[in-house]
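A.B. asks: One structure, as structure tokens, below. Some questions next.
The values are calculated or read from the model by the stated rules, or taken from the named source; none is laboratory data. All figures in this text were calculated on a predicted structure; none of them were measured in a lab. When we count neighbours, we look across all protein chains shown, and the Cβ atoms used for this are built from the backbone with ideal geometry, even at glycine. Keep in mind that these areas ignore ligands, DNA and RNA; they rest on the heavy atoms of the full protein, side chains included. Shrake-Rupley method; radii C 1.70, N 1.55, O 1.52, S 1.80 Å.
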Amino acid sequence: MLPPQKKHWESMAKGLVLGALFTSFLLLLYSYVVPPLHASLASTTPEAAASCSPPLVEPEAVTRANSSAGECQPRRNIVFLKTHKTASSTLLNILFRFGQKHRLKFAFPNGRNDFDYPTFFARSLVQDYRPGACFNIICNHMRFHYDEVRGLVPPNATFITVLRDPARLFESSFHYFGPVVPLTWKLSGADKLAEFLQDPDRYYDPNGFNAHYLRNLLFFDLGYDSGLDPGSPQVQEHILEVERRFHLVLLQEYFDESLVLLKDLLCWELEDVLYFKLNARRDSPVPRLSGELYGRATAWNMLDAHLYRHFNASFWRKVEAFGRERMAREVAALRHANERMRTICIDGGHAVDAAAIQDDAMQPWQPLGTKSILGYNLKKSIGQRHAQLCRRMLTPEIQYLMDLGVNLWVTKLWKFIRDFLRW
């Protein structure tokens, strides 16, 4: 008789195969029923170039003072590269709210909540795209392809992304995505992460299904080869390319300071960057990475480590230019405003487990096999002044996308399969 654990994994593996086959069949059927919007978008058509007019060179630095009088105008054209496990869902909610408030045009995925990740982004993946279309905001998960993105937004678009300490990101990614990365299934210990880090080359296959989640995920999301030799000169070339292309790189560990810099860069109001922490994982019963394992995780993700160190340094140079005392005042103001909204909006004042969430519209998407992502209960009685803002601030990504009119039929199908199989 097979042990219960082996039966569980075999059942999950069979279910994954069944789900993948069923989804592939429906995608194939969909491709026959719905004709493609255009044959190829590898190059920009004249019509598209006339609309968004992408610059011949990469953008220069965006400055806040964008008028002769020194007063700035709010920037509304934004590309956000949504990296994984970096508090990016919280930032996504901020962009959704701003775009909805100002009736901006989003470039959304078609059928799902990402742009066919982990394949490279292409304009053909945008819902209702037509050659010549121009958008204000692009912000869903993608594997970045600069030229394809550049042709969809005006020349003055602001490019932003967010990074996280690579060891901590790896830890979070391992726990969240592990069930859908088959190479982790052979790990039998109680602490699979520690077991993996003791000898990662024994388990890791760069060509394995979903293997990109387990090494240099930031480099991968940015569109680069996550298997490069860390000593290759290409690594530094790629990092400098990111610096040229992105006007601001936020840091998850200094999220409030990052939002202050973002607010200043975009000339937004304080209300525009208020937030509640979304898509946060319940504390794991497995201890956080120890000193030794932290070092191993960093070494295993050395490309991301080089990337993070570079932008950690440039981040603090921006803070110095902004002014330390001014930064402290604005961070305090942001935290005070967030705390006020917490008392106004959140029943109980804190996040709760999925089982305790009373409204299905507030249920966050959960990783396969566990309900470890926390959510919120909206207070029953909220004044008219704050009711809409509270609900928008607390709405999870999937539900917010549906509120914005995005076609999520693939995501809904996958949820149906998961619910049917009780994953």
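A.B. asks: Report yes if ARG103 is touching a helix residue (DSSP H, G or I) at 6+ places or on another chain (Cβ under 6 Å), of a type in the set (Lys, Arg), open to solvent by 20 Å² or more (accessible area, probe 1.4 Å) and assigned to a loop (DSSP other than H, G, I, E, B), otherwise no. Explain how you work it out, then say what you get.
C.D. replies: Numbers: touching a helix residue (DSSP H, G or I) at 6+ places or on another chain (Cβ under 6 Å): no; of a type in the set (Lys, Arg): yes; open to solvent by 20 Å² or more (accessible area, probe 1.4 Å): yes; assigned to a loop (DSSP other than H, G, I, E, B): yes.
Answer is no for this residue.
A.B. asks: Here's another thing I want to ask about it. Tell me, yes or no, whether the range 130-146 has at least one residue that is without any contact (Cβ under 8 Å) to a residue 24 or more places away in the chain and not in a helix (DSSP H, G or I). If you could, list the steps in order and put the result at the bottom.
C.D. replies: Step one: filter the range 130-146 for residues without any contact (Cβ under 8 Å) to a residue 24 or more places away in the chain, giving none.
No, there is no match, as no residue in the range 130-146 is without any contact (Cβ under 8 Å) to a residue 24 or more places away in the chain and not in a helix (DSSP H, G or I).
A.B. asks: Only one of these conditions is not met by ASN338: (1) open to solvent by 30 Å² or more (accessible area, probe 1.4 Å); (2) more than 30 Å from PRO230 (Cβ to Cβ); (3) modelled with pLDDT of 95 or more. Which number is it?
C.D. replies: (1) is the only condition that ASN338 fails.
A.B. asks: Considering each residue of the range 182-210, count those that are farther than 22 Å from LEU307 by Cβ and assigned to a loop (DSSP other than H, G, I, E, B), and give that number.
C.D. replies: Looking only at that region, the number is 12.
A.B. asks: Considering only residues that are touching a Lys or Arg at 6+ places or on another chain (Cβ under 8 Å) and at pLDDT below 85, look in the range 367-410 and name the one that is surrounded by the fewest Cβ atoms within 10 Å (Cβ to Cβ).
C.D. replies: The selected residue is LEU368.
A.B. asks: Moving to a separate point now. Only one of (1) farther than 28 Å from ARG123 by Cβ; (2) under 17 Å from the mean Cα position of the chain (by Cα); (3) of a type in the set (A, V, I, L, M, F, W, C) is not met by VAL162, so which one is it?
C.D. replies: (1)
A.B. asks: Let me ask something else about it. Report the residue count in the range 180-217 for those that are farther than 22 Å from GLU292 by Cα and of a type outside the set (Val, Ile, Thr). It would help to see each step written out before you state the result.
C.D. replies: The initial filter retains those residues of the range 180-217 that are farther than 22 Å from GLU292 by Cα, namely 180-183, 185-186, 205-212.
The next check asks that each one be of a type outside the set (Val, Ile, Thr); those that pass are 182-183, 185-186, 205-212.
Total satisfying the criteria: 12.
A.B. asks: Is it the case that LEU293 is open to solvent by less than 20 Å² (accessible area, probe 1.4 Å) and either out of contact with any Ser or Thr (no Cβ under 9 Å at 6 or more places or on another chain) or under 25 Å from ASN216 (Cα atoms) (or both)?
C.D. replies: Working: open to solvent by less than 20 Å² (accessible area, probe 1.4 Å): no; either out of contact with any Ser or Thr (no Cβ under 9 Å at 6 or more places or on another chain) or under 25 Å from ASN216 (Cα atoms) (or both): yes.
No; evaluated as a whole, the condition is false for this residue.
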